[in-house]
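Some notes on the structure that comes next.
Coordinate-derived values only; no laboratory data. Treat the numbers as computed from the prediction; the structure is a model and nothing was measured. Here the Cβ is made from the backbone with ideal geometry for all residues, glycine too, and neighbour counts use every protein chain on show.
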Amino acid sequence: MTKEQITARLKDKFGPELEIVENNQPEPYFYISMAKYYELCSYAKNDPQLDFDFLFQLGAVHYPDDRFEVALCLCSHEKNHKAVVKVRLDHDNPETVTISDIWKAANWFEREAMELFGIGFFGHPDPQPLLLYDDWDYGYPMRKGWTGPDFVPMPEK
Amino acid sequence: MDRPRFRPHAGKITVDNMIENKDLREEEFLINMGPQHPSTHGVLRLILKMEGEFIRDLTPYVGYLHRSIEKIAENRTYNQFMPFTDRIDYCASMPSNLAWATAVEKLAAIEVPERAEYLRVIMVELNRIASHLIWLGTMSLDLGAVTPFLYAFREREWILDLFEMTCGQRLTYHYIRIGGVARDIPVEFEKSCRAFIKDFRRRVDDYEAILTENPIFLGRTKDIGILPLDLAKDLGASGPTIRGSNYGWDIRKVEPYSVYDRFDFQIPIGANGDVWDRYMVRIEEFRQSCKIIEQALDGLPEGDTVRSKLPTVLRPPAGEVFSRIEAPRGEMGYYIVSNGDKKPFRVKIRTASYGNLQCLRPTSIGLKIADLVAIFGSLDVILPEVDR
Amino acid sequence: MLEFDKVMLELYGFLAAWCAARSIPLIWLDLTVMIIAGLIMIGVLSLAALFLVWWERKVSAHLQDRLGPMRTGTHGVLQTLADGIKLLQKEDIVPSAADKRVYFWAPVVAFVAAYLAYIVIPFGKGLIARDLNIGILYIIAITSFTVISLLMAGWASNNKYALLGGMRSAAQIVSYEVPLTISVLGAVMLAGSLSMVDIVEAQGPYFWKWYWLPQILGFGIYFISATAEANRTPFDLPEAEQELVAGFNVEYSGMKFAMFFLAEFVNMFTISAIATTLFLGGWQPPLPGLAFIPSWIWFMGKTLFLVFVLMWFRWTYPRLRVDQLMNFAWKFLLPLAFLNLILTGLGVYFFG
Amino acid sequence: MGIIEKVPAYIERLPGGGIVTTSMDWVLNQSRASSLWYMLFGLACCAIEMMAAGASRYDFDRFGMIFRASPRQADLMFVAGTVTHKMSKRVKLLYEQMAEPSYVFAMGGCACNGGPFYYDCYSVLKGIDQVIPVDIYIPGCPPRPESLMEGCLKLQEKIKKEKMSDWASDRKEV
């Protein structure tokens, strides 16, 4: 499917909950509201037209002033199209639901986002740290403006 | 006194009595494999729940090589970050470079000269061979055959010579740059490269003679660690791992980047996704890569190797991009968020091993520890890709 | 000069006369000679093991397009000596949770068991420490002693890898003992004796009369089983480096490790020497015309050739898996060995 | 080290004992220098170069260096690559498991001082000498096998200067 077809199909289903990001990339980028996030993922995986059977990546982004974002890059093997789904999370209380029951691949990505950004994923089957060491208690290092022990910022010239 | 010791029995010796006495009992035990273990290819740690030789459960623990490359990326300019991509996948630095370069070029809409595209293809395919050679060596080492390891490294040195004459490095090349490549190839490169390809085809036959036709090797790999296609897709497996499961998915074919659409090559696929199939897919990829390199050398156009008039400090427009390429281990891609500054706002690195490593658990439960080693070898996981 | 056996007989005769002249009982002389012979044997075998370690490294290196040890002595001949002296200097670590006594004795048992087999091996014509009339039975009994040392080491280290290695070795060696013993019986039936000397002499100085030809099946089974007994690739599961780090000897350091290491190489030499004795005519030359070359050179030549074949195996094959190993022993080698036994029996009955 | 450790103290009291200990030192040091078994322990990029140094073209075996998988039997540890905080405890443990006398190489920029991961990085140890003592530093990212070999030759020189009588004071405290 082309960019327009994917956008149209999702717009039909979700209407105003879906917010298209205008850019000149070949694949569609859009925001989905928190409430419809899980539903969209489930729809994207199971809809025979969309058939997004491959979660390429799940990454969190921290906007230090107002919000967190979780960005999913979805791909379809059979249909050979891609899309980027994003969801905005509250800055002070970043929480959403897990999608690791839709794509098993999301499991580790969510653990990583939990650990490095402090985003909560409700219903995650195995919510334990992935990358940092066991007695790490210096906060969430990937947040903007984080400092901690042994962290040396690059000196500006 | 936490371990059982032999001591005489008080009463009559029966099985029940022995179990009661805790002298003879059956139990599952935990084995900690790694982070320093010869066959975990780096610093993976596996906790195995064993029942004798059988694996009842296993949990991979990663993060022993977590170098916070994503954090570093936010504090470097786009060009400064390129050397770090070398270190994400040190066995295949060129594809990592290429993944970053294509992502940034897609974001900033930079055209690349044709000669540079061809050189990129040549280098990436050479590096694919070099990376698969490391895989071949370590996998055969995992199965107990030491000699193929040394043969593989012997051929790899030849490829490294080619890289060295091009960019002066053996492992971390930093050769592919945003908008082209660092410099043109030296005059003698083409001749040496053709000689290598010619010789290497024969060497691949040698590897097959020592491994493929070996009944012990067959016994160790056939029908071991079968990865069903659905599961592979669900877990995010890619590259030779998913191709071994009878699925011809290769970004070079389905979504051609660079100039891959101009070359004639096949995508080898396996039959049912066992260790043997993944092995054969990679062996066949040796031959296909040779074919691509030859075609690229034949069609190498004249011209610039880097796009002129690129600003020294790149400031791509605000926005986001995600792009992926086919690295030797599978799909490698970057998700970049830019706010128009000279440094990326957020870089998310998605590597092939991240998905492939998650295939280890479902494929190896119920098998023996020797099979686990074989499966892990065939997945070709490299830990810096998982941890980053 | 090279005819050791004659020199020794003369020497013994001279000493016996010397003793008789001073009316010393002959038993003292016999005892002294035995002890000296034993010491010489240990010395020679240790040297041989040192040589084999070096040779293995050279063979592997040349098979792999390398050079192997080059710096210590010419082409590294002193390499193993250096390794030995180094291991002597290393700290001797005993894990705190180990079973200390068993941990200490395991390498000693391995070492002693490896050396004891040499009492009945005829190195040349008359070059044998003791010609027991149950020679081959004795050897089979002694070589299976190795498994106890490996089990001891695996248990005492209190390490799960070591324990798995010890268990594997127990299962493996006990299983392969059976086809090995039965394959040896063929040669015994042909010779009609259990004595090693008799078996060698029954083969005669013609290479087509050696037992490898009538016992080609037995020879194959023996060699495969013996490789498994000596824990060599493709049967090196007890110390599988990629699975069990170093298997039963994972916790051993310094001299104790060196004893295991030496015992392994002595075992390798043992199985080759037995194969030579039973199937390749022992110290007999291949043709009577070649008898001018001393017998012990023939013996050593054949044995070292078999050792080379073992090394060749090791650097070519991958490793088997545990269940495949067992299946191979019980479902393939054992029936074949019985078949060989029956065929030999029929052959001896009808043609012998 | 066992018995040999006590030998020099007795011998040096004898007349001419100095010559004996010197020549014993020579033999022992030579043997130790020419039989450096290294631990099969790779962390990151440098591990590939370490493997290359052991493979056909460079061939560590020429110096009598072979790999052992168990730290108990190794004399030498190449800390080849980036050591993270999470890994540093394991590196220390492995070092402590090695039998004395043991030596440590810091191979590559990361092991020497953090290398390219010094700035802006929250998880990398800035040099393994914060955790374990290092004998030889080999800079490079990654160092070539030739420089690794040069390091080994330097270590051999260092070993050849050692004296038996110094051993007791050099032992690590476990």
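Under 21 Å of direct C-alpha separation, and excluding same-chain neighbours fewer than eight residues apart, C:Lys209 reaches these lysines: C:Lys125, C:Lys302.
Size of the dipole of the protein assembly as shown about the Cα centre, Lys and Arg at +1 and Asp and Glu at -1 on the beta carbon, nothing else charged, in debye to 20?
Values: 110 positive and 123 negative charges, 318 e Å.
That gives the protein assembly as shown a dipole magnitude of about 1520 debye.
Annotation for A:His91 and D:Tyr10: the two label points, set 7 Å from Cα along the Cα-Cβ direction, are 7.8 nm apart.
I need the calculated FRET efficiency for the pair B:Glu111 and B:Val254, taking r as the beta carbon distance and R₀ as 35 Å, to the nearest 0.05. For B:Glu111 and B:Val254, the calculated efficiency is 0.95.
For the stretch C:12-95, what's the relative contact order in percent, using C-alpha pairs closer than 8 Å and at least 6 residues apart?
16 percent
The residue list C:Ala246, C:Thr276, C:Phe292 was ranked by how far each Cα lies along the charge dipole of the stretch C:186-296 toward its positive end, using unit charges on Cβ atoms, and C:Phe292 comes out on top. Run through every distinct alpha carbon pair of the stretch C:23-137 and return the Kirkwood hydrodynamic radius in angstroms, one decimal place. Radius from the Kirkwood sum: 17.7 Å.
Cross-link reach is defined here as a Cα-Cα straight distance under 23 Å, omitting same-chain residues fewer than 8 places apart; for D:Lys154 the lysines meeting it are C:Lys86, C:Lys90, D:Lys163, D:Lys172.
Toward the positive end of the charge dipole of chain D, with +1 on the Cβ of Lys and Arg and -1 on the Cβ of Asp and Glu, the farthest Cα among D:Ile19, D:Gly140, D:Ser123 is that of D:Ser123.
Our note on the geometry: Cα centres of the stretch C:64-129 and the stretch C:212-285, 14 Å apart.
From largest to smallest, the equivalent ellipsoid semi-axes obtained for chain D from the alpha-carbon gyration tensor read 32, 18, 13 Å. Each label point is 7 Å from the Cα along the Cα-to-Cβ direction; what then is the distance between the points at B:Glu51 and B:Arg315, in nm? Rounded to a tenth, the inter-label distance reads 6.5 nm.
Rounded to the nearest 20, the size of the Cβ-charge dipole of the stretch C:1-132 about its Cα centre is 240 debye, with Lys and Arg at +1 and Asp and Glu at -1. Amide hydrogen proximity for A:Val97: with H placed 1.01 Å from N in the peptide plane, the residues at 5 or more positions away or on another chain lying under 5 Å are A:Phe122.
For a protection proxy built on the mean count of beta-carbon atoms within 10 angstrom, sort D:45-57, C:180-192, D:14-26 highest first, please. Walk me through the numbers before you get to the answer.
Working: D:45-57: 24.2, C:180-192: 21.4, D:14-26: 12.5.
Going from most to least packed, we get D:45-57, C:180-192, D:14-26.
In the structure shown, the pairs A:Lys36/B:Lys343; A:Lys104/B:Lys49; C:Lys160/C:Lys256; A:Lys157/B:Lys106 are assessed against 24 Å; a Cα-Cα span above that value is assigned to A:Lys36/B:Lys343; A:Lys157/B:Lys106. Relative to the longest principal axis of the Cα atoms of chain B, the long axis of helix B:93-108 lies at roughly 50 degrees.
Distances between placed amide hydrogens fall under 5 Å for B:Leu58 paired with B:Lys49, all partners being 5 or more residues away or on another chain.
Tell me what the protein assembly as shown gives for mean residue ellipticity at 222 nm when only DSSP H runs of n ≥ 4 count, each as -39,500 (n - 2.57), the sum divided by the residue total, rounded to 500 deg cm²/dmol.
Values: 40 runs with 519 residues, N = 1071.
Taking each H run of at least 4 residues, the total per residue is -15500 deg cm²/dmol.
Contact order for chain B, expressed relative to its length and based on alpha carbon pairs under 8 Å spaced 6+ residues apart, stands at 24 percent. With R₀ set to 25 Å, the beta-carbon distance separating B:Ile365 from B:Asn32 gives a calculated FRET efficiency near 0.90.
For chain B, the alpha-carbon coordinates run over 92, 49, 36 Å along the three principal axes, in decreasing order.
Starting from the Cα gyration tensor of chain A, take the square roots of the eigenvalues, sort them a ≥ b ≥ c, and report rounded, prolate or oblate (rounded when a/c is under 1.5, otherwise prolate if a/b is larger than b/c, else oblate).
Values: a/c = 2.11, a/b = 1.71, b/c = 1.24.
Verdict is prolate for chain A.
Mind checking which of C:Val77, C:Trp55, B:Leu372 is farthest towards the positive end of the protein assembly as shown's charge dipole, using Cβ charges of +1 (Lys, Arg) and -1 (Asp, Glu) about the Cα centre? About the Cα centre, the residue reaching furthest to the positive side is C:Val77. Each Lys and Arg contributes +1 and each Asp and Glu -1, all at the Cβ; summed about the Cα centre of the stretch D:47-174, the dipole is approximately 220 debye.
Across the stretch B:203-234, the residues whose backbone nitrogen lies under 20 Å from the label position 7 Å along the beta-carbon direction of B:Asn246 are B:221-234.
Under 5 Å between amide hydrogens, built in the peptide plane, is the criterion, and for A:Leu89 it picks out A:Phe68, A:Glu69, A:Val70 among residues at least 5 positions away or on other chains.
Potential lengthening of the chain between C:Phe145 and C:Ile216 amounts to 22.8 nm, from the contour at 0.36 nm per residue minus the alpha-carbon distance. Checked against a 23 Å cut-off, the cross-linked pairs A:Lys45/A:Lys82; A:Lys82/B:Lys309; A:Lys45/A:Lys86 give Cα-Cα distances beyond that limit for A:Lys82/B:Lys309. Per-residue 3J(HN,Hα) values for the stretch C:248-262, derived from phi via the Karplus relation 6.51 cos²θ - 1.76 cosθ + 1.60 with θ = phi - 60°, read 5, 9, 5, 9, 7, 9, x, 5, 5, 5, 4, 5, 4, 5, 5 Hz in sequence order (x marks Gly and Pro). Computed from label points 7 Å out along Cα-Cβ, the spacing between B:Lys198 and C:Thr74 is 4.0 nm. The long axis of helix B:114-142 is offset from the longest Cα principal axis of chain B by roughly 10 degrees. Shown in residue order for the stretch C:287-301 are the 3J(HN,Hα) couplings computed by the Karplus curve 6.51 cos²θ - 1.76 cosθ + 1.60 at θ = phi - 60°: 9, x, x, 9, 5, 5, 7, x, 5, 5, 5, 4, 4, 5, x Hz (x for Gly and Pro).
Where does the charge balance sit around B:Asn79 when Lys and Arg score +1, Asp and Glu -1, over other residues with C-beta under 14 Å from its C-beta?
On the way: positive: B:Arg76, B:Arg177, B:Arg307, B:Arg315, B:Lys342, B:Lys343; negative: B:Asp86, B:Glu105, B:Asp341.
It works out to a net charge of +3.
What do you get for the angle between helix B:369-379 and the principal long axis of chain B? Use alpha-carbon atoms, 0 to 90 degrees, nearest ten. Between helix and principal axis, roughly 10 degrees. Under 1.5 on a/c is rounded, so check that first for the stretch D:78-129, then, if it is not, pick prolate when a/b is larger than b/c and oblate when it is not; a ≥ b ≥ c are the square roots of the alpha carbon gyration tensor eigenvalues. In terms of gyration-tensor shape, oblate.
On the principal axes of its alpha carbon atoms, the stretch D:48-106 extends 34, 25, 16 Å, with the longest extent given first. Using the Cβ-Cβ distance between A:Asp150 and C:Val309 with R0 set to 60 Å, the FRET efficiency from 1/(1 + (r/R0)^6) comes to roughly 0.60.
Averaged across C:253-263, how many Cβ atoms of other chains sit within 10 Å of each residue's Cβ atom?
Numbers: counts 9, 6, 2, 1, 5, 1, 0, 0, 1, 0, 0.
What the average comes to for C:253-263 is 2.
If you take the Cα centroid of the stretch B:48-73 and the Cα centroid of the stretch B:208-257, the two points sit 22 Å apart.
Over the Cα atoms of chain C, Rg to Rh with Kirkwood Rh, two decimal places? Numbers along the way, then the final one.
Working: Rg = 21.2 Å, Rh = 21.5 Å.
Here Rg/Rh amounts to 0.99.
Based on the alpha-carbon gyration tensor of the stretch C:271-352 and its eigenvalue square roots a ≥ b ≥ c, which shape applies: rounded if a/c is under 1.5, prolate if not and a/b is larger than b/c, or oblate? It is oblate, given that a/c is not under 1.5 and a/b is not larger than b/c.
Just the Cα atoms of the protein assembly as shown, one point each, no solvent: what log10 I(q)/I(0) does Debye give at q = 0.04, 0.09 Å⁻¹? Scattering profile of the protein assembly as shown, log10 relative to I(0): -0.24, -1.07. What the Cα atoms of the stretch B:72-154 give is an Rg and a Dmax of 16.2, 49 Å. In order along the stretch B:77-85, the phi-based Karplus estimate (6.51 cos²θ - 1.76 cosθ + 1.60, θ = phi - 60°) of 3J(HN,Hα) comes to 6, 4, 6, 5, 7, 3, x, 6, 5 Hz; Gly and Pro are listed as x.
Could you work out the percent of alpha carbon pairs in the stretch D:112-154 separated by over 13 Å, rounded to a whole number? Don't skip to the end; give the middle numbers.
Details: 533 of 903 pairs.
Cα-Cα pairs of the stretch D:112-154 separated by over 13 Å account for 59 percent.
Taking a straight Cα-Cα cut-off under 18 Å and skipping sequence neighbours fewer than 8 places away in the same chain, the lysines within cross-link reach of B:Lys291 are B:Lys191, B:Lys198, B:Lys253.
Between the stretch D:49-105 and the stretch B:88-107, what is the C-alpha centre distance in whole Å? Cα centres, the stretch D:49-105 to the stretch B:88-107: 31 Å.
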